[in-house]
1. With only alpha-carbon atoms counted, please give the Rg and Dmax of the protein assembly as shown, in Å.
2. Ranked by Cβ crowding within 10 angstrom, fewest neighbours first, how are A:Cys368, B:Cys42 ordered?
3. Using a 10 Å cut-off around each Cβ, can you sort A:Val318, B:Val120 from fewest to most neighbouring Cβ atoms?
4. Averaging over every viewing direction, what projected area does the convex hull of the Cα atoms of the range A:449-536 cover, in nm²?
5. Could you work out the Kirkwood radius for the range B:15-90, taking every pair of different alpha carbons, averaging 1/r and inverting it, reported in Å?
6. Taking the alpha-carbon centroid of each part, what is the distance from the range A:619-643 to the range A:25-43 in angstrom?
7. From largest to smallest, what semi-axes in whole angstrom does the range A:24-115 give when each is the square root of 5 times an eigenvalue of its alpha carbon gyration tensor?
8. Among all the aspartates and glutamates, which ones have a C-alpha under 15 Å from A:Lys420's C-alpha, if same-chain residues fewer than 8 places away are not counted?
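Values in this text are rule-based calculations from the coordinates and carry no lab data. This structure is a prediction, so every number in the text was calculated from the model and none was measured. Cβ: placed from backbone, ideal geometry, glycine included. Neighbour counts: every protein chain shown.
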Amino acid sequence: MRYIRGMLIELAHFALILAFGVAIAQTIVPLVGAHKGWRGWMTFAEPAANSQLILVGFSFAVLTMAFVTSDFSVSLVYANSHTDKPMLYKVSGVWGNHEGSMLLWVLTLALFGASAAWFGGNLPATLKARVLAVQASISVAFYAFILFTSNPFARLVDAPLNGRDLNPLLQDPGLAFHPPFLYLGYVGLSITFSFAVAALIEGRVDAAWGRWVRPWTLAAWMFLTVGIALGSWWAYYELGWGGFWFWDPVENASFMPWLIAAALLHSAIVVEKRETLKSWTILLAILAFGFSLLGAFIVRSGVLTSVHAFANDPERGVYILLILGIFLGGSLTLYAARAGVMQAQGAFGTVSRESALVLNNILLAVSCFVVFIGTIWPLVAEMVFGRTLSVGPPFFDAAFTPFMVLLAIVLPLGSLLAWKRGTLTRARMPLLGLGVLSFAMAGLFYAIYAGRSMVGPAGVLLGVWVVGGAVVDLWLRAGRGGLPDRLGRITRLPRGDWGKTVAHAGMGVTIFGVAAMTAWQQEDIRIVQTGETFDVGAYTFTLDAVEAVEGPNYQSTMATVTAVRGDGAPMILQPEKRFYPVAQMPTTEAAIDNGILRDVYVVIGDPQANGGYAMRVYIKPFANWIWGGAILMAIGGIISLTDRRLRFAVGARDPKPDAKAVPAE
Amino acid sequence: MKWLLLILTLLAAPAWAVQPDEILPDAALEARARDISEGLRCPVCQNESIDESNAPISRDLRILLRERLVAGDSDQEVIDFLVARYGEFVLLEPDTRGANLILWAAAPVLLLLALIVGWVTIRRRPPTEVALTEAEQRDLDRILHP
């Protein structure tokens, strides 16, 4: 049995090498085929993409098996696992380290490549061949990276009896699923990149291209949304003071592609519906994946130090920088040479949906630039100006927030404008009413939380404005007539419209949540004796007991706290301080009572010299709205994806009789 | 045995963000201290303010800045005092002097440029629609004159 397992690991390593070879062939053969018009060479891409997926899938399955069965002959398992670890974290340990996460990265690349082959049945043969070839070229770079610098299958001659355990901070359900979602997002953008480069090679971008690219962008953006939300939720309950966003370089690394993907999502609509903004859309597609690669570089090189960075290694950093340079440089050169070919067709007025989407793109792209320059500025300042400095949350709050405020203000207006030439005449009354409602709500909240900062009421104003704008949009789309007629029509609206409404409303909800929690949270830090009672806000807390508890692979100090609001039912909260003996690391486990209107957040700290414990208590109003909004945005994406008009096969409605037909202009 | 375990656990734990014993009795002064400490970076941590950080030096800095406040320093004097000792590295909000001007001005300038370019491009669009392609014209004729 052990012999077979050992064999399997060597086979998995071999499968990875084989996949590398297949990817090289998949890069060259279809490209040549598409250039020469050799059908056989073009169709080579499809079976190649499938076999890549099978080979990498096998490698990944074997590595997972090694983690699950605690096979410490694999050095990666030894370094990141332990027999006492719960099963979920044995599995998530596969990607909780540099080598394994790179294997997940190439698996995702192969998965997207194969999906493009499966769902791309209606693509013109040359475009399909080129998309798959470009996708394979990205895989080649990362296979080489894994095989030459970060082999996950390295073995130990004498297998140790037990492993060194996964970083305890990573042993958490939120963080177990955070990386896979992020990778589906990052790598999902590789497909839009491949489409963009293939279109540049072809020299044509038309409405059909926009329709093919949009579902991929939408899917990638949705996964990024979920991944980022999971990471932020994890930080909220795990780091012990309830922050949800730190403007950490690694967070920024995932936020930048998200912003560009959001812009791309909107500009691809313009390409699809109006055949304009083509070259800008191509540029966004290139940049979106460029920022994904930049993210990989930031996380893995360690040039920008961060709380999250793991497996920092300058040599690996140089390699990723090389990949980034080749792909970004290459595609931008191609872009410079070919962008002129893509002329806009549809004309539009200054006040129109097109213009509104241009503004959306400008705001999203410039806000991404703010994050970018803030993230790399410490590096630039040190290398160019010899100044060692930091760029932290105060900078980002001041420089980034205005863009989101502007975006929120124009969002409902822009989404109501018609294509080509729009006016807001029909929407004037509902918008006026909504404006009054927004100010009234803001005033109400200002009165409730009298004397506190203006951030809260401003958040209420924008939140109501954006969510209400989404509702008004839906209402106006329902046409005229009585309520039953309108409701009937609303339910029959295309899924895409529903997706738009839900996602935009989600954005409003998140804005409100962020502002409300930032402005109105209450904090209390004190020393509490066992049995002592104290008040925070409207709640009364009692520290009932502090006990030592034995976990599966940790020791815990668990406090039991009762919280009561007025005459309400008491809540029992059990915050913990855990110690993981194998990794020699402590973690804080906050106890949170989640609610729609507020979270009650309790943390237990160190014992004090005079007896008693340090305790932190927070009342965080509307905290869950932050992630609720993110979930709504993701749901909006899913609803849109199920729209008939976006199904991959719909592009076949006007099949190109000859793949080499007239170029766009 | 359990209690021994508990004590060992707690001994291994680091000191932890703002401690109760650091808090100043004067609430207004304490609020100022918190504001200042949220904007100062822990010199040995990776990306945390001294307000969030568990490192001993952060605790020292929190206590130091409170001492300065109690001694009657203004917020700016306290910050200058710490920057003079630890360098501008501890400022989480970079100042606007010298090259940092680029950092602060880059985005507004880019926004302005983008708006101008966007505006000009949209205004310069040809007012007329592009002509129909031959195939489209044929289809149209067929539909209009069956």
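1. 28.5, 98
2. Working: A:Cys368 26, B:Cys42 23.
Ordered from fewest to most neighbouring Cβ atoms within 10 Å, A:Cys368, B:Cys42 come out as B:Cys42, A:Cys368.
3. On the way: A:Val318 12, B:Val120 9.
Listed from fewest to most nearby Cβ atoms, that is B:Val120, A:Val318.
4. On the way: hull surface 38.4 nm².
It is 9.6 nm².
5. After inverting the pairwise mean of 1/r, the radius is 12.2 Å.
6. 43 Å
7. Ellipsoid semi-axes (Å, largest first): 37, 10, 9.
8. The reachable aspartates and glutamates, counting only those whose Cα sits under 15 Å from A:Lys420, are A:Glu272, A:Glu275, A:Glu354, B:Glu129.
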